[in-house]
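For reference, the structure discussed in these notes is given below.
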Amino acid sequence: MKIFSVFALLILLLSINSFAQKGPAAKAVPEKTVTAVESTPLELAKAAVVAHGGDKLKNLKSLLLRGSVEVNGGSSMMTIPATFMLAISGDKYVFELNNPIQPLKQISDGKDTSSSGYQLPPMTSLGFPLLMRVGQTGYVVASLPEATKNKKGFRITTAEGFYTDFFVDEKTRQIKGYESAYDVDGRTATTSVEIDEFQTVEGVIVPKRYSQRFDLGQITAYANFKTKDILVNSQIEDSVFAISK
């Protein structure tokens, strides 16, 4: 049962989607110590965009990722193997998590979203995909909160109030990690990522290997992702994002 709970937590936090089915809704966690937009955070965010491909990242039409992920709930837990697939095209996306315990498939056609899981923020509202939104209306770049003032980085907040704190390598200006938090049914869910390796595809620098920590109060899970296939600007048929009625 404990293994199932850990994997359920992974599904809950990994999906990061806005679902159209029943379940507790996800809400933005109120920001506590974020400063107003300053030139330094914005310039740093723009430098990070350049470090990950510049205009090629900002004009990205589609992204397709396939790979494996190993999940555990700490040193005493067994490792649970799984595979994942993520396809993004504009505001459309499909995410699949295949595993021996509880397979998951989530789809957004750009307007509606569907999954058997919980209502969580849209995948484009948290994490690395936010980087390509720098400079767009509704996406605010600000200083990191006081608690992380010893790190070099910036915060991006969406119009809905979802935010991600990005931490930048001082030499390369590439993203070396990020943290996000949001409300799920009255409880704050947090997730943090440390990026181990990038891959350059069609001029876009994409995370290839990274570790992720998920925390929902009493349950904490860890996952190691290894992306094997990365396709940039490949043609993805609209049928891939179609929601079954």
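The values are calculated or read from the model by the stated rules, or taken from the named source; none is laboratory data. Fair warning: this is a prediction, and the values are worked out from it, not measured in the lab. Virtual Cβ from ideal backbone geometry, glycine too; neighbours counted across all protein chains shown. Side chains included, ligands, DNA and RNA excluded: accessible areas come from the protein's heavy atoms. Shrake-Rupley method; radii C 1.70, N 1.55, O 1.52, S 1.80 Å.
Determine which aspartates and glutamates satisfy two conditions relative to Lys58: a Cα distance under 18 Å, and not lying fewer than 8 residues away in the same chain.
Within reach: Glu43, Asp91, Glu202.
Rolling a 1.4 angstrom probe over the protein chains, ignoring ligands and nucleic acids, what is the accessible area of Ser244 in square angstrom, nearest 10?
About 110 Å², ignoring ligands and nucleic acids.
Expressed as a fraction of 2.2 N^0.38 Å, the rule-of-thumb size for a compact globular protein of N residues, what is the C-alpha radius of gyration of segment 201-245?
1.72
Which trypsin sites (Lys or Arg not before Pro) in segment 158-231 sit in a loop by DSSP (not H, G, I, E or B) and have at most 13 other Cβ atoms within 10 Å of their own Cβ?
Passing sites in segment 158-231 are Lys171.
Please list, in order along segment 62-67, the HN-Hα scalar couplings obtained from phi with the Karplus expression 6.51 cos²θ - 1.76 cosθ + 1.60 (θ = phi - 60°), rounded to whole Hz, x for Gly and Pro.
The phi angles translate into 7, 9, 10, 10, 9, x Hz.
Net charge within 14 Å of Leu130 by Cβ-Cβ distance, Lys/Arg positive one each and Asp/Glu negative one each, not counting Leu130 itself?
0
Tell me the GluC sites (Glu not before Pro) within segment 123-231 that lie in a loop according to DSSP and have at most 12 other beta-carbon atoms within 10 Å.
The qualifying sites are Glu170.
List, in order, the whole-Hz ³J(HN,Hα) value for each residue of segment 126-138 obtained from phi through the Karplus relation with A = 6.51, B = -1.76, C = 1.60 and θ = phi - 60°; use x for Gly and Pro.
Going residue by residue, I get 9, x, 4, x, 5, 4, 6, 8, 4, x, 8, 4, x Hz, with x marking Gly and Pro.
Below 15 Å, Cα to Cα, which aspartates and glutamates can Lys151 reach? Residues fewer than 8 away in the same chain don't count.
Those aspartates and glutamates meeting the cut-off are Asp165, Asp169, Glu170, Glu179, Glu194.
Given segment 96-177, report the % of alpha carbon pairs whose separation exceeds 18 Å.
54
In the neighborhood of Asn233, defined by Cβ-to-Cβ distances under 15 Å, what is the net charge if each Lys or Arg adds +1 and each Asp or Glu adds -1?
0
Two decimals is fine: what's Rg over Rh for segment 44-108, C-alpha atoms, Kirkwood radius as Rh?
1.13
Within the accessible area of segment 40-111, what % is carbon and sulfur when the probe is 1.4 Å and the other protein chains stay in place?
Reported share for carbon and sulfur atoms: 51 percent.
I'd like the per residue volume of the convex hull spanned by the Cα atoms of segment 154-245, given in cubic angstrom. The partial results should precede the final answer.
Numbers: hull volume 16.4 nm³, N = 92.
Looking at segment 154-245, the number lands at 178 Å³ per residue.
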